[in-house]
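Worksheet: one structure, shown below.
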Amino acid sequence: MKVGFIGLGQMGSGMAASLLRAGHEVTVYNRSAEKRRPLLEIGAREAATVADACTAEVVITMLSGDEALRQVALAADGIIAELRQGGTHVSMSTVSVELTRYLARAHAQARQRFIAAPVFGRPEMAAAAKLFVVAAGAPETLSACQPLFDAMGQRTFPLGTEPARASLIKLAGNFMIAATIETLGEALAFVGKGGIDPGSFVELLTATLFPAPVYRTYGALLAERKFQPAGFAVPLGHKDVRLLLEAAQSLHVPMPVANLLNDRFQRLIAQGGEKLDWSAIGELAAEDAGLRPPASR
């Protein structure tokens with residue numbers, strides 16, 4: 001398929017490369033031109049503008065959040081203005097439920113198709129085409145885009161015709177990951193204060209009660225205190241928790257743990273932790289327990 005790909009961060013670069021390896025014709029755009037070069041070297045075509053990326057039948061966006069997606073999609077020379085009628089925009093970013101609903105309406109008015117298909121997985125999974133895709137939109141559009149999802153991920157979970165459902169589930173999933181990081185951090189501080197080696201505890205934990213990938217991945221990062229380079233930076237994690245709380249407020253759902261996580265992220269950012277991996281919020285429990293002074297930010 002002919003695909004325009006907009007947003008070449010750590011996730012987007014791996015996803016676009018996976019599409020190229022699967023034989024799709026990919027035109028890439030990123031505001032920072034240097035991020036296009038590695039993909040051009042393996043066969044991608046270069047788009048100098050967002051409009052240049054919209055000549056394809058499908059345009060995929062993988063951007064940092066609402067502000068970036070609004071600018072790319074809704075500007076006078078953005079996706080909705082430039083994509084042909086009948087063309088498809090696949091939003092794979094983690095963005096607000098409200099923005100996803102707005103984009104669905106705007107694309108429908110422009111006689112374009114729209115899918116929300118955020119992904120679960122870190123950059124190494126994007127590079128290996130092992131992401132999990134959470135997709136919602138018209139069935140025929142989902143079916144047409146399935147070869148693209150297959151090229152980027154190991155499994156696709158269709159969630160119905162309303163794109164906002166995918167954004168809601170993605171925010172809920174990221175909330176649960178952040179909550180897992182917090183509980184891991186607290187547990188490691190607890191056993192560490194009692195003289196237990198963190199690595200041994202994580203090995204036991206992930207071999208018995210909690211063998212899920214999220215515990216293995218983040219347990220290892222916390223035990224090793226490996227917060228750089230960031231696979232998913234602190235401001236992005238904070239953004240997702242804030243979007244979750246906004247959606248929860250609109251649905252009248254109390255989420256006390258999410259409020260705790262919001263405070264954790266705010267503290268880490270206030271202490272200069274913007275460039276750390278979001279798993280660094282789990283380190284705050286060790287600092288609170290007096291196991292170590294605040295990490296160098």
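Each of Ile169, Ile60 was scored by other Cβ atoms within 10 Å of its Cβ. Listed from fewest to most, they are Ile169, Ile60. Here is the P(r) of segment 1-113: all C-alpha pair distances, binned every 10 Å from 0, give 16, 51, 29, 4 in whole percents. Here's the list of lysines a cross-link from Lys2 could span, going by alpha-carbon distance under 26 Å and ignoring same-chain residues fewer than 8 apart: Lys35, Lys130. Between Glu287 and Met176, residue separation times 0.36 nm minus the direct Cα-Cα distance comes to 37.7 nm. Ranking Val214, Thr55, Leu69 by Cα position along the charge dipole of the chain, where only Lys, Arg, Asp and Glu carry charges on their C-beta atoms, puts Thr55 farthest toward the positive end.
When the chain is treated as a Gaussian network with alpha carbon springs shorter than 10 Å, the biggest mean-square fluctuation among Lys193, Lys170, Lys130 belongs to Lys193.
Taken about its Cα centre, the chain carries a charge dipole of roughly 280 debye when the Cβ of each Lys and Arg holds +1 and the Cβ of each Asp and Glu holds -1. The gain in end-to-end length when the His252 to Glu140 segment is fully stretched comes to 37.0 nm, 0.36 nm per residue minus the alpha carbon separation. Annotation: the chain has a Kirkwood hydrodynamic radius of 19.9 angstrom, from the mean reciprocal C-alpha pair distance. For segment 162-297, the Kirkwood radius over C-alpha pairs fed into Stokes-Einstein at 10 °C and 1.306 mPa s yields D = 103 µm² per second.
Only lysines eight or more places from Lys193 in sequence, or on another chain, were considered; those with a Cα closer than 29 Å are Lys226, Lys275. Only helices enter the 222 nm calculation for the chain: every DSSP H run of n ≥ 4 contributes -39,500 (n - 2.57), and dividing by all residues gives -16000 deg cm²/dmol, rounded to 500. If you take all other residues with their beta carbon under 10 Å from the beta carbon of Thr217, and give Lys and Arg +1 and Asp and Glu -1, the sum is +1.
Each Lys or Arg adds one and each Asp or Glu subtracts one; over the other residues with Cβ under 13 Å from the Cβ of Arg122, this totals +1. For the pair Ser32 and Asp197, the difference between a 0.36 nm per residue extended length and the Cα-Cα distance amounts to 55.1 nm. Based on every Cα atom in segment 59-183, Rg and the maximum pairwise Cα distance Dmax equal 14.1, 48 Å.
Every read-out reported here was derived from the displayed coordinates using simple, explicitly stated rules and does not represent laboratory data. Keep in mind that what you see is a predicted model, and the values were worked out from it rather than measured. No Cβ is skipped: glycine too gets one built from the backbone with ideal geometry, and neighbour counts run over all protein chains shown.
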